[in-house]
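One structure is given here, and the rest of the page talks about it.
The values are calculated or read from the model by the stated rules, or taken from the named source; none is laboratory data. All values derive from a computational prediction rather than experimental measurement. All Cβ positions, even for glycine, are placed from backbone atoms using ideal geometry, and neighbour counts span all protein chains on display.
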Amino acid sequence: MRYINTDISNGVATLTLNDPDKRNAINLQMNDEICEVLDELETSEEVGCLVVTGAGKAFCAGADLGDLLAARERDNIQDIYRGFLRIADSTLPTIAAVNGAAVGAGMNMALACDMILAGESARFDSRFLEIGIHPGGGHTWRLLSRTNEQTMRAMVLFGQVLSSQEARRRGLVWEVFPDEILITEAKDIGEKASSYSKDLTRSTKEAFKALPAIDNSGDAVQHEVVPQVKSMESDAFRSLVTALQKKISSGS
């Protein structure tokens, strides 16, 4: 792979955007590589969680400007967004480990993940309007789902850039770590997710998709009944409950 590197350790795959001279700007070949690797990782028995980060001092500077200009003549501008949309649709639990700047479509790359962790040097910059382009890739929807309407409008319309700590205070980031231990902490958190059944995490993430349409308790309960009953039929559930019963009965 030319534009990404992957590493697997203790059930966690780390996908590193690897074009540091261009601050890991997203190009079409990078998107192809991301999609190809995700197909492999999701079917691998070794992998139960994905961490996404950037090489060098930036997470992702957004879309490659040459590809962005060329996209005006493309039938499908979504070519630019295929990589992070593939991550957004992944059946694996995903963590963005944001080191340095996440700008425009690079913010979308982080927003595509289930959890966002940040190094102290991280900053989040919408920047679409600054370069004369309407936000794309579901940027405003994704940002609003993580923060609130005022934060979304402040970042998109007024160009407000959030530091790592400001992003945490506004709900965009789960936790902030010193830069030098960010990846280690992300992998440690990912190991917990990777210990769960892949079928169970897959069905749970699938259930998340319908949550915005649910507006009452009864529907919320019914939404989870079928997948919950199905999970209780698994050997893994029976084994875990039996082990827990033994632990309780022994008083340990």
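Being at pLDDT 90 or above and aliphatic (A, V, I, L, M) is a property that does not hold for Leu244.
Evaluate the following for Ala97: is it of a type outside the set (Asp, Glu), part of a strand (DSSP E or B), in the same structural domain as Ala61 (by TED's automatic domain parsing) and under 11 Å from the mean Cα position of the chain (by Cα)?
Spelling it out, Ala97 is indeed of a type outside the set (Asp, Glu), part of a strand (DSSP E or B), in the same structural domain as Ala61 (by TED's automatic domain parsing) and under 11 Å from the mean Cα position of the chain (by Cα).
Residues in region 174-190 that are touching a residue at least 40 places away in the same chain (Cβ under 8 Å), in a helix (DSSP H, G or I) and over 17 Å from Ser90 (Cα atoms): Asp179, Leu182, Ile183, Glu185, Ala186, Lys187, Ile189.
Inspect region 219-228 for any residue being out of contact with any Cys (no Cβ under 8 Å at 6 or more places or on another chain), closer than 23 Å to Glu42 by Cα and charged (D, E, K, R) and give the result as yes or no.
No, there is no match, as no residue in region 219-228 is out of contact with any Cys (no Cβ under 8 Å at 6 or more places or on another chain), closer than 23 Å to Glu42 by Cα and charged (D, E, K, R).
For Ile131, are the conditions met, namely being in contact with a helix residue (DSSP H, G or I) (Cβ under 6 Å, 6 or more places away or on another chain) and either in the same structural domain as Val176 (by TED's automatic domain parsing) or buried (at least 22 other Cβ atoms within 10 Å of the Cβ) (or both)? Against the criterion (in contact with a helix residue (DSSP H, G or I) (Cβ under 6 Å, 6 or more places away or on another chain) and either in the same structural domain as Val176 (by TED's automatic domain parsing) or buried (at least 22 other Cβ atoms within 10 Å of the Cβ) (or both)), Ile131 does not qualify.
Quick check: is even one residue across region 159-167 surrounded by 10 or more Cβ atoms within 10 Å (Cβ to Cβ) and either in contact with a Gly (Cβ under 7 Å, 6 or more places away or on another chain) or of a type in the set (Asp, Glu) (or both)? Yes, some residue in region 159-167 is surrounded by 10 or more Cβ atoms within 10 Å (Cβ to Cβ) and either in contact with a Gly (Cβ under 7 Å, 6 or more places away or on another chain) or of a type in the set (Asp, Glu) (or both). Selection of region 77-121 for residues being crowded, with 19+ Cβ neighbours inside 10 Å and among the β-branched types (Val, Ile, Thr) yields Ile80, Ile87, Thr94, Ile95, Val98, Val103, Ile116.
Here is a yes/no grid of residues against (1) under 27 Å from Phe208 (Cα atoms); (2) modelled with pLDDT under 95; (3) out of contact with any strand residue (DSSP E or B) (no Cβ under 6 Å at 6 or more places or on another chain):
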site: Asn5; (1), (2), (3): no, no, no
site: Cys35; (1), (2), (3): yes, no, yes
site: Glu40; (1), (2), (3): yes, no, yes
site: Ser44; (1), (2), (3): yes, no, yes
site: Cys60; (1), (2), (3): yes, no, no
site: Glu73; (1), (2), (3): no, yes, yes
site: Asp79; (1), (2), (3): yes, yes, yes
site: Pro93; (1), (2), (3): yes, no, no
site: Ala96; (1), (2), (3): yes, no, no
